[in-house]
1. Can you find a residue in region 156-166 that is modelled with pLDDT of 95 or more, closer than 26 Å to Leu247 by Cβ and open to solvent by 40 Å² or more (accessible area, probe 1.4 Å)?
2. Among the listed residues Gly143, Gly125, Gly169, identify the single one that is more than 8 Å from ligand 1 (Cβ to nearest atom), touching a residue at least 40 places away in the same chain (Cβ under 8 Å) and open to solvent by less than 50 Å² (accessible area, probe 1.4 Å).
3. Is there a residue being assigned by TED's automatic domain parsing to the domain that holds Lys347, out of contact with any Pro (no Cβ under 8 Å at 6 or more places or on another chain) and of a type in the set (Asp, Glu) anywhere in region 471-489?
4. Which condition does Glu271 not pass, out of (1) buried (at least 18 other Cβ atoms within 10 Å of the Cβ); (2) modelled with pLDDT under 95, if it passes all the others?
5. Inspect region 278-286 for any residue being assigned by TED's automatic domain parsing to the domain that holds Glu334, of a type in the set (D, E, K, R) and surrounded by fewer than 22 Cβ atoms within 10 Å (Cβ to Cβ) and give the result as yes or no.
6. Do you know which residues across region 181-190 are in contact with a helix residue (DSSP H, G or I) (Cβ under 6 Å, 6 or more places away or on another chain) and open to solvent by less than 20 Å² (accessible area, probe 1.4 Å)?
7. On the given criteria, is Ser254 touching a residue at least 60 places away in the same chain (Cβ under 8 Å), over 23 Å from the mean Cα position of the chain (by Cα) and more than 16 Å from ligand 2 (Cβ to nearest atom)?
8. Within region 146-155, how many residues are open to solvent by 10 Å² or more (accessible area, probe 1.4 Å) and not aliphatic (A, V, I, L, M)?
Amino acid sequence: MLLPRRLLLLVSSVCLGASAQDRSQSVFVASSGPKCCDALRAKLPSIVFARGTPEYNTRLSTYYLLQQQELSPTCTVRPSSASEVSLIVKIAKDSQCPFAVASGGHMAWKGSSNIDEGFVVDLRGMNQIDVSTEDQTVKLGPGSLWQEVYKVMAPYNVSTIGARLNAVGVAGYLLGGGISFASVDKGFGADSVYNYEAVLSDGRIVEANKETNPDLFWALKLAGTNYAIVTRFDMYTYHSPTLWGTLSVYPSTSPTTSELFAEFEKYAHDEKNRKDMKAVFLSYSNGIDLTMTAQTNLDSTPLASMSSAEPIMHLEKVGTTHDVVDEVISNAAESTARTAWHVLTTKADTDFFMDLYAMGKTIFESLKDRKGLTRTFNFQVFQKSFIEGAVHGPTYNALKRSNDDLVCIVNFNAWEDPADDAAMKEATDALGDWAEAEARKRGILDDFIYLNYASERQPVYERSVTPEDLDKMREIQAKYDSDGTFEKLWKGGFKIPKKGGGALAGATHHDEL
Ligand SMILES: Cc1cc2nc3c(=O)[nH]c(=O)nc-3n(C[C@H](O)[C@H](O)[C@H](O)COP(=O)(O)OP(=O)(O)OC[C@H]3O[C@@H](n4cnc5c(N)ncnc54)[C@H](O)[C@@H]3O)c2cc1C
Ligand SMILES: *[C@@H]1O[C@H](CO)[C@@H](O)[C@H](O)[C@H]1NC(C)=O
């Protein structure tokens, strides 16, 4: 649930053309790519796809980030079972082939789930969705999209803690946490996973749950690309015939934003209404400042508007999770974007939120006329009850240190011209650095960096788990990826930093492109 951009563009009645997707500019250097794709082809001839084939092209087109679409793997390989994934891992290891793994392709930084040269393990074919009404569970293939998951669950009157926009993938979302409509009560999506099936770097297919490989079970709840390729997620569902959901867009006047953030702060400290989700967006697009709210209620009870102002645009529905996501919430998003993200966590503090928005204006002042610029801040809440829901995962000990309700602030800036990539990224990073420093100065910064919204330069593991838990993660990694195959060959995603890198040393451990 992130991008009000499409709505904003509608509101400002400006139709911007599609972004250029010129892949011909990539420069190819001699690499192990062709050798590796040949090795894959020798054993799995029918599921390896070369550059330019339709299968390869549709994989690229599913990446949310246009900068990711523009990378060019030598081939893609599309397994349909855990044993095929196992074989792929063994081939990668034998031939020392770099690879990336892609589920829904929605991670928001270049190189997070795609690769130049090397190959992509395309998990779209592993899209099983098996609902069991008896034990209130669902077994999900890693390549399923949440849109399909909700659709299949709807006739059973159940839902689960999944993404709030259609095309986000099951695997990436669940391996970085997962914030959803019921998170205030049940924590992250990962907290509803009771069993994983996963392929280790030696090719073994293992289960991880409370009884079997419990250490891996714990670590997979903030997995990044460190331990295993998950081939099945078994999750709890909850009864949910329908929910109520709305998106409202308002002009950003100061009475409106004060009123709305007063409501938001109240919600941030409210643990009683565990059926409600409220999020606020502040946006700038085409010369206009707008505010948007998203609200849902799991009992299908409409909530009052967060502002008394007349909305410029309002979408509202009571329906299944699938229909509310599809018809209301997903309307807020572009299906692809040229964008850069940054995330931080603070205490609930409206003055800081407004100052942050103002600083965004200042930092982007010289870029404000760049084509298609849309700047957005999204505010979501980790209430204490949310944090208690995350008790089974590695972030719990870190999150509960604050003993307070916390706000997750994502800044995402979108633009259209690839020529603006560097300037936009630099401005996004500068704004992120300012935000961190300023929040720290005001005593409201929390160390937590939400993996799923983080940029590649943010030190997710150093900051989002305690030092003791990070050591524990290192041991688990050494046990399950014992010869460092994944550490070395699996590109993209967030990597556990080497010991001695320093707690705030910055994220130099990931793969920069
Ligand atoms: C429009 C939009 C809406 C979003 N909405 C939400 C939301 O409501 N709540 C929320 O919490 N987050 C949300 N997100 C963030 C989202 O959870 C992350 O971007 C997530 O990583 C996407 O998962 P994916 O499978 O689509 O991504 P991918 O890019 O395919 O994968 C992400 C990472 O996971 C790794 N990976 C993929 N499959 C596997 C596997 N089977 N085993 C091991 N590693 C694997 C990849 O290598 C990569 O590093 C949203 C993002 C966008 C762009
Ligand atoms: C789902 O709920 C609807 C309406 O509440 C009901 O008519 C239907 O029988 C339910 N379906 C199942 C499978 O429980």
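The values are calculated or read from the model by the stated rules, or taken from the named source; none is laboratory data. Small disclaimer: the values here were computed from a predicted structure and weren't measured. All Cβ positions, even for glycine, are placed from backbone atoms using ideal geometry, and neighbour counts span all protein chains on display. Surface accessibility is based on the protein's heavy atoms, side chains included, excluding ligands, DNA and RNA. Shrake-Rupley method; radii C 1.70, N 1.55, O 1.52, S 1.80 Å.
1. For region 156-166, residues modelled with pLDDT of 95 or more, closer than 26 Å to Leu247 by Cβ and open to solvent by 40 Å² or more (accessible area, probe 1.4 Å): present.
2. Gly125
3. no
4. For Glu271, the exception is condition (1).
5. no
6. Residues satisfying the conditions are Ser183, Val184, Gly187, Gly189, Ala190.
7. In short, no.
8. 4
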